[in-house]
1. Considering only residues that are surrounded by 15 or more Cβ atoms within 10 Å (Cβ to Cβ) and within 34 Å of the chain's Cα centre (by Cα), which ones fall in segment 287-312?
2. Could you give me the residue pairs with C-beta distances under 8 Å whose first residue belongs to segment 286-307 and is over 15 Å from Pro227 (Cβ atoms), whose second residue is crowded, with 16+ Cβ neighbours inside 10 Å and among the basic types (Lys, Arg) wherever it lies, and which are 6+ apart or on separate chains?
3. For a quick check of your reading of the model, give me the residue pairs whose first member lies in segment 103-114 and is at pLDDT 80 or above and among the β-branched types (Val, Ile, Thr), whose second is surrounded by 15 or more Cβ atoms within 10 Å (Cβ to Cβ) and part of a helix (DSSP H, G or I), with beta-carbon atoms closer than 9 Å and at least 6 apart or on different chains.
4. Residues of segment 189-208 being of a type outside the set (Phe, Trp, Tyr) and crowded, with 19+ Cβ neighbours inside 10 Å, which ones?
5. Quick check on this structure: which one of Ser65, Ser53 is buried (at least 19 other Cβ atoms within 10 Å of the Cβ), over 24 Å from Asn220 (Cβ atoms) and among the hydroxyl-bearing types (Ser, Thr, Tyr)?
6. Step by step: first the residues of segment 327-336, then only those that are of a type outside the set (Phe, Trp, Tyr) and closer than 15 Å to Asp384 by Cα, then the one that is surrounded by the fewest Cβ atoms within 10 Å (Cβ to Cβ). Which residue is that?
7. For segment 231-241, indicate whether the set of residues that are touching a Ser or Thr at 6+ places or on another chain (Cβ under 8 Å), in a helix (DSSP H, G or I), among the β-branched types (Val, Ile, Thr) and at pLDDT below 80 is non-empty.
8. Kindly indicate the residue of segment 209-228 that is over 12 Å from the mean Cα position of the chain (by Cα) and surrounded by fewer than 18 Cβ atoms within 10 Å (Cβ to Cβ) and also nearest to Val181 (Cα to Cα) among those meeting that condition.
Amino acid sequence: MTNLLVRIFVKDYDKTGKPAVRGRYGLLAGFVGLACNVLLFSLKFLVGMVFGSIAIVADAVNNLSDAGSCIVTLIGFKMSGKPADEEHPYGHARVEYIAGLVVSFSILLLGIQLIGSSVQKIFKPEAVEFSWLSVAVLCMAILVKLWMGLFYRKVGKTIDSMAILANSADSMNDVYATSAVLVSALVGKVTGWQLDGYAGTLVAVFIIISGIGLVRETLNPLLGTAPAQELVNKIEDKLHGYEGVLGTHDLMVHNYGPQRCFASVHVEVCAKEDILKSHDMIDNIEKDFAEDLDIHLVIHLDPVVTDDEETNHMRDVVQKILQELDSRLSMHDFRMVKGNTHSNLIFDVAVPPRYQMSDKELREVIDTQVKADYPDYFTVITVDRSYTSTTGRADSDNS
């Protein structure tokens, strides 16, 4: 069913890398969800009011909220597809994240409202008229929501959309919530127990838990998260595939919305290489990343001395000290300034997030260990924080 809808309503459905195609997927998901939720709300609300079930009415209102979420999703995809302008030079793709956040908050607020009316029904129970029509409507709703959850999940993964994946999670929670309402109705029929208020409370709790989880998931991209390790590895592997690249470090990846990725990185090259040749290589790398990975990459060129025996030896000494301190530490931008009485070793140390030592302590430990065997060498250390949860890498011992 999902594949059929995609083939009918999404032109060029297999070209998901194109923003226009991605937008069509989003509009399809929004319209399908809107139609299904309006239908379910109408049926459940009617049945709940006729037979006096607060649990079914609560479930119906939940579907109405889901319909509103679909409208937000539609608006979000429409706005996120707008091109960049003077005020938003990176485009509007993050609007999709905002849409997902609005959906998440609406789910959370709805759950809080419903739990109040459901708890009230527990303390002041009212007889609920059993009806096989109610059972039929609830069974149909479970099947529809199950399909919607799978539909949203497939579309969301196809275009990597947090907003649509949020709707998928919400739909699957609706399956459990509606099942609870159905079970309470059947148990009430068999035993005569009035479980309607308890079922309504359970539905509300499901909604609140779902809302809290979705708020966290949709808020993270807006705050800025570390890039996926798979993407980091892909970028580094591609960079190290170019002849002349000795090492990389200080990779930073910025996400301005789905398929709006900007990155910067330092690339180490031999200091004796012609600067024009190295610059031409950098230009080609940036062009390749834009065409192959759709990443807007900016590269800073770092020349590295590779043929000075003393420099290479002291670089190895410092690298060994770092590895003995912590295997997660790495070094880059190493250079030596020689003097008559002493030489300065100037370099950056990359540390992982929340590293246990302070910057001052780390500098002192490294300096002390260097001077223990080489008292005529002073260290000038810059502590560098990682933005990708990695510490850079090099292709050779001389980088």
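1. Correct list: Asp288, Phe289, Leu293, Ile295, His296, Leu297, Ile299, Asp302.
2. Every condition considered, the pairs that remain are Asp288/Lys238; Asp292/Lys238; Val305/Arg335.
3. Ile112/Ala204; Ile112/Ile207; Ile112/Ile208; Ile112/Gly211
4. Across segment 189-208, the qualifying residues are Leu195, Asp196, Gly197, Ala199, Gly200, Thr201, Leu202, Val203, Ala204, Ile207.
5. Being buried (at least 19 other Cβ atoms within 10 Å of the Cβ), over 24 Å from Asn220 (Cβ atoms) and among the hydroxyl-bearing types (Ser, Thr, Tyr) holds for just one of Ser65, Ser53, which is Ser53.
6. Applying the filter and picking the extreme gives Arg328.
7. no
8. Ile209
The values are calculated or read from the model by the stated rules, or taken from the named source; none is laboratory data. Fair warning: this is a prediction, and the values are worked out from it, not measured in the lab. Positions of Cβ are generated from backbone atoms using ideal geometry, with glycine treated the same way; all protein chains shown enter the neighbour counts.
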